[in-house]
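Before any comments, here is the structure.
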Amino acid sequence: MTSPILRLPYHDQLPEAFWAVPARVYADQPMRPTEDRALTEQLFAQEAGRNELIVYTDEDTLRLVGIFPQESDEAFFGFWETTNDPAVNQAAFEALQADARQRGRRRLVGPLDFNTYHRYRLRLPPAPSWGQFDREPINPDYYPTLLAGLGLAPVSTFESRRIRPQDVPAVFTEKDMLLRELAQIPFDFIPLNAQTWQEHEAAIFELVQAIFGANPGYRPVSLEQFRLLYNLQYAAKLCPHTSVLFRDQATGALAALSFCHPNYTELHLPDSRPPVFERDFARLQRRQLLAKTVGVHPDYRQRGLMSYLGAYGMVHFRERYDDVIFCLMRTGNFSLHFTDGLPAETAHYALFGQDLQGASSPTIPTEAQRS
């Protein structure tokens, strides 16, 4: 018999079931996402002021958070973890949909843990050869199927592309002109490490807001929330040879950024010992670069800077790394073009949505019906 779904408005504290459900979900999964309890509690406390938050759970096999931003006609769902139980998910999402309609919301979108600074999207099967990189969306393969059965469909899609070691020479051949032009462009290059991050933190924060402000699902955050994830600890793991800020020589304004770091996954570092490039890079057996966050300020677009950011990373790549993953690029975004035409292994991801105006409750097929 299916347990009833509890509807728990958030008031300063998350229910204990919120933390218990993922352990059951990922008990037999080869990988699992990381979840920092203290950081998550801070995040909820910060976001409660601009969102109505409701936790839906059966206290055993499912958790789901309804996020209702003030002065918005959309609702979001996040922090969704569940066993492969269509009936339980139907009950939970029906409760969320009813709350969203009652509040006049026209669309439901997720999974999105408040905004794109934090965990969002699902990874679609099949799993790529690399397993999992830092902060890559990880979920059981049945998650997209459950959402499809509930009437949700992809509204934004994303890709990660791995350039294999045997294909790296082709990259240098194709991009040779960019490499030769790099020294001639009218921008200063500021390598990123903990020291330069601290010197430019406020400007980096403003640059990130300007670059990504128009992206689907993006919501501005305070500097305090930005620092939960993007701080000196984060800067210490960046590769200082491939991570960079471009600064306009004429105005002194920051124009573009590239945050890259090695894939530290193989080291299995405990949460109490976050990676530090200077300490941990030499310990890696597989030297794989993750091109994580790359972007150009709107005022400097259409000037080739996205390609020059890629070229900058290539200058020191060959002597230090074996291969590279260009991570989590939105389909249609200009960042995809740097690797267009190159042989690559690709992983796919999606953000899902559903129109709530006039939508009827879905009927999820049973296992027998699906087979």
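The values are calculated or read from the model by the stated rules, or taken from the named source; none is laboratory data. Worth saying up front: this structure is predicted, and the values here are computed from it rather than measured. Don't worry about glycine lacking a Cβ; one is built from the backbone with ideal geometry, like all the others, and counts go over all protein chains shown. Side chains included, ligands, DNA and RNA excluded: accessible areas come from the protein's heavy atoms. Shrake-Rupley method; radii C 1.70, N 1.55, O 1.52, S 1.80 Å.
Taking all protein chains as present, what is the carbon and sulfur share of the accessible area of the range 54-150, in % to the nearest whole number, probe 1.4 Å? Ligands and nucleic acids excluded, carbon and sulfur give 45 percent.
Q46 to Q195: FRET efficiency via 1/(1 + (r/R0)^6), r the Cβ-Cβ distance, R0 22 Å, to the nearest 0.05?
Details: r = 28 Å, r/R0 = 1.27.
It comes to 0.20.
Counting Lys and Arg as +1 and Asp and Glu as -1, each charge on the Cβ, what is the dipole of the range 115-159 about the Cα centre in debye, to the nearest 20?
Numbers: 4 positive and 4 negative charges, 25 e Å.
So the dipole magnitude of the range 115-159 works out to roughly 120 debye.
If you count, for each residue, the other Cβ atoms within 10 Å and average over each peptide, how do 305-316, 241-252 line up from highest to lowest?
Values: 305-316: 21.2, 241-252: 18.4.
By packing density, highest mean first, the sequence is 305-316, 241-252.
When DSSP assigns beta bridges and you keep just the ones with both residues in the chain, what percent turn out antiparallel, to the nearest 5? Bridges in the chain are about 90 percent antiparallel.
Charge dipole (Cα centre; +1 on Lys/Arg Cβ, -1 on Asp/Glu Cβ; no other charges) of the chain amounts to roughly 580 debye.
Model label sites at Y142 and E206, defined 7 Å from Cα along the beta-carbon direction, differ in position by 5.0 nm. Convex hull volume of the C-alpha atoms in the chain, normalised per residue: 154 Å³. Across the chain, the relative contact order, built from alpha-carbon pairs under 8 Å that are at least six residues apart, equals 22 percent. When peptides 60-73, 260-273 are sorted by average Cβ neighbour count within 10 Å, with the highest value leading, the order is 60-73, 260-273.
Each residue of the range 311-316 was assigned a 3J(HN,Hα) from its phi angle through the Karplus expression (A = 6.51, B = -1.76, C = 1.60, θ = phi - 60°), giving 5, 4, x, 6, 3, 9 Hz with x at Gly and Pro.
Give me the percent of the accessible area of the range 211-349 that comes from carbon and sulfur atoms, probe 1.4 Å, all protein chains in place.
Numbers: 3040 of 6130 Å².
Carbon and sulfur atoms account for 50 percent of the accessible area of the range 211-349.
How do the peptides 188-198, 288-298 rank, highest first, by the average count of neighbouring beta carbon atoms within 10 Å per residue? Numbers along the way, then the final one.
Numbers: 188-198: 16.9, 288-298: 21.4.
With the highest mean Cβ count within 10 Å placed first, the list reads 288-298, 188-198.
For the range 170-240, just say rounded, prolate or oblate: build the C-alpha gyration tensor, square-root its eigenvalues into a ≥ b ≥ c, call rounded for a/c under 1.5, and beyond that prolate if a/b exceeds b/c, oblate if not.
Numbers: a/c = 2.22, a/b = 1.64, b/c = 1.35.
The shape class here is prolate.
Normalised by the number of residues in the range 188-274, the average gap of Cα pairs under 8 Å and 6 or more apart makes the relative contact order 37 percent. Taking every C-alpha pair closer than 8 Å and separated by at least 6 residues, the mean separation divided by the residue count of the range 229-307 gives a relative contact order of 32 percent. As I understand it, the value is the acute angle between the Cα axis of helix 194-212 and the longest principal axis of the Cα atoms of the chain; what does it come to in degrees, rounded to 10? Relative to the chain, helix 194-212 is tipped by roughly 60 degrees. Stretching T251 away from A183 to a fully extended chain increases their span by 22.6 nm, per 0.36 nm per residue minus the current alpha-carbon distance. Here D355 and E94 are evaluated by their C-beta separation; at R0 = 22 Å the FRET efficiency comes out at 0.90. Summing Cβ point charges (Lys, Arg +1; Asp, Glu -1) relative to the Cα centre of the range 220-371 gives a dipole of roughly 320 debye.
Expressed as a whole percent, the accessible area of the range 1-52 that falls on carbon and sulfur atoms is 51 (1.4 Å probe). What the chain shows is 45 Å² of accessible area per residue, with the surface traced by a 1.4 Å probe over protein heavy atoms. From its DSSP helices (H runs of at least four residues, each -39,500 (n - 2.57)), the chain gives a residue-normalised ellipticity at 222 nm of -8500 deg cm²/dmol. Between the listed residues V21, L108, L8, the Cα displaced farthest toward the positive end of the dipole of the range 6-157, a dipole computed from Cβ unit charges relative to the Cα centre, is found at L108.
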